[in-house]
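The values are calculated or read from the model by the stated rules, or taken from the named source; none is laboratory data. Everything numeric here is computed off the predicted structure, so don't read it as measured data. Here the Cβ positions follow ideal geometry from the backbone for every residue, glycine too, while neighbour counts run over all protein chains shown.
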Amino acid sequence: MKTILITVAALIITMVQLKVRAQTVIPLYKEVPNSKPTTITEKSDSTSVRGKVTNVVLPTITAYLPEKSKANGVAVIICPGGGYTYLVVNHEGKDVAQEFVKKGIAAFVLKYRLPNDLTMVKREIGPLQDAQQAIKLVREHATAWNIDPNKVGIMGFSAGGHVASTLSTHYQKSLIENDSNTNLRPDYSLLIYPVITFQDSILHKGSKKALIGENAPGDKVREYSNELQVTADTPPAFIVHCSDDHVVPVANSINYYNALQRNHVKAEMHIYEAGGHGFGMHNATTTDSWMDRCLNWMMANKLFKETQ
């Protein structure tokens, strides 16, 4: 198991001292749990428009913090998509984080581990471990980062939406060291064309195969079909999808929304007529901005107030 040489604490201190507004990369762990010794190394094309990263073995969060005078206390952890085989760290990560910072919201792009039997003891829990550790880390350093620990949410695009909805429905059981009993439940979730289910004809086959296996037993399929895991304590959700999404069918979002409604959990869903899949912040088929709808929803739920 590899030991990360630069500690999380040291990086936090450096960031606070320098009052950094630009991106700062922070390792999630001193030692990565559920990992195997490996010669696999990360590959990155992060300078491209989409920003593609593969072979993640050392998970991180990249922090984008507003100026202290503009910070409103809200934080969001962003999970890029990529079918659990790669991560789109710009198009569904950095670009979105920078937009949140303009509104005084602290944003953290999560570079979570991608399921791989060569790098993990139990591949299916790796991404969820990293999401749990990310929210733990943000809450435990909320004061230093000008964050209200009761306003920390999770956001996910595509397969990153599966990570986000899994954290939203599987937070009760800690899969990481959490001696301080830090709350792992997101206060809200933002799900953008998310993978939700591994059931029936509406699943995204690639995500299922990568995470739990193409021929996973029924109980495992149900466990990671998050519309079946919703309870009255599941966080409120803002959901975006397109009717013509042929990669991740819109029924994923509809079924999750319906499950939230049945459990009396607040939710708002926007279904666009067109736009397909993987459009990031900008659906080219409409002048409407789902990001504006998202910010409106956050304000309506009293996460922050618009300032002049």
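Computed values, structure above
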item	result
Count of residues meeting criterion [modelled with pLDDT under 95 and not in a helix (DSSP H, G or I)] in region 91-128	0
Test: residue in region 163-181 that is out of contact with any strand residue (DSSP E or B) (no Cβ under 9 Å at 6 or more places or on another chain), surrounded by 17 or more Cβ atoms within 10 Å (Cβ to Cβ) and farther than 28 Å from residue 258 by Cβ	yes
Selection from region 172-214 of residues that are in contact with a His (Cβ under 7 Å, 6 or more places away or on another chain) and of a type in the set (Phe, Trp, Tyr)	193
Residue list for region 251-291, filter: more than 21 Å from residue 83 (Cα to Cα) and among the polar types (S, T, N, Q)	258, 261, 263, 285, 286, 287, 289
Positions within region 67-96 being touching a residue at least 12 places away in the same chain (Cβ under 8 Å), surrounded by fewer than 22 Cβ atoms within 10 Å (Cβ to Cβ) and out of contact with any Lys or Arg (no Cβ under 7 Å at 6 or more places or on another chain), in sequence order	68, 70, 71, 72, 85, 94, 95
Options 131, 142; residue that is more than 15 Å from the chain's Cα centre (by Cα) and either under 21 Å from residue 229 (Cα atoms) or part of a loop (DSSP other than H, G, I, E, B) (or both)	142
Output for region 257-277, where each listed residue is of a type in the set (Asp, Glu) and part of a loop (DSSP other than H, G, I, E, B)	273
Residue in region 78-90 that is over 15 Å from residue 133 (Cβ atoms) and of a type in the set (S, T, N, Q) present	yes
Verdict on residue 105 being under 27 Å from residue 198 (Cβ atoms), over 13 Å from the mean Cα position of the chain (by Cα), among the β-branched types (Val, Ile, Thr) and buried (at least 20 other Cβ atoms within 10 Å of the Cβ)	no
Lone unmet requirement of (1) buried (at least 18 other Cβ atoms within 10 Å of the Cβ); (2) more than 30 Å from residue 300 (Cβ to Cβ); (3) not aliphatic (A, V, I, L, M) for residue 205	(1)
Residue satisfying condition, being touching a Lys or Arg at 6+ places or on another chain (Cβ under 8 Å), assigned to a loop (DSSP other than H, G, I, E, B) and modelled with pLDDT of 95 or more, within set 233, 245	233
Check on residue 126, small (Gly, Ala, Ser), crowded, with 24+ Cβ neighbours inside 10 Å, more than 22 Å from residue 281 (Cβ to Cβ) and out of contact with any helix residue (DSSP H, G or I) (no Cβ under 7 Å at 6 or more places or on another chain)	yes
Any hit, region 297-304, residues being free of Cβ contacts under 8 Å to residues at least 40 places away in the same chain and within 19 Å of the chain's Cα centre (by Cα)	no
Which numbered condition residue 199 misses (of (1) within 27 Å of residue 36 (Cα to Cα); (2) of a type in the set (S, T, N, Q); (3) without any contact (Cβ under 8 Å) to a residue 40 or more places away in the chain; (4) surrounded by 17 or more Cβ atoms within 10 Å (Cβ to Cβ))	(1)
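Conditions tested, residue by residue: (1) among the β-branched types (Val, Ile, Thr); (2) farther than 17 Å from residue 153 by Cα; (3) buried (at least 16 other Cβ atoms within 10 Å of the Cβ); (4) without any contact (Cβ under 8 Å) to a residue 40 or more places away in the chain.
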| site | (1), (2), (3), (4) |
| --- | --- |
| 249 | no, yes, yes, no |
| 254 | yes, yes, yes, yes |
| 274 | no, yes, no, yes |
| 278 | no, yes, yes, no |
| 284 | no, yes, no, yes |
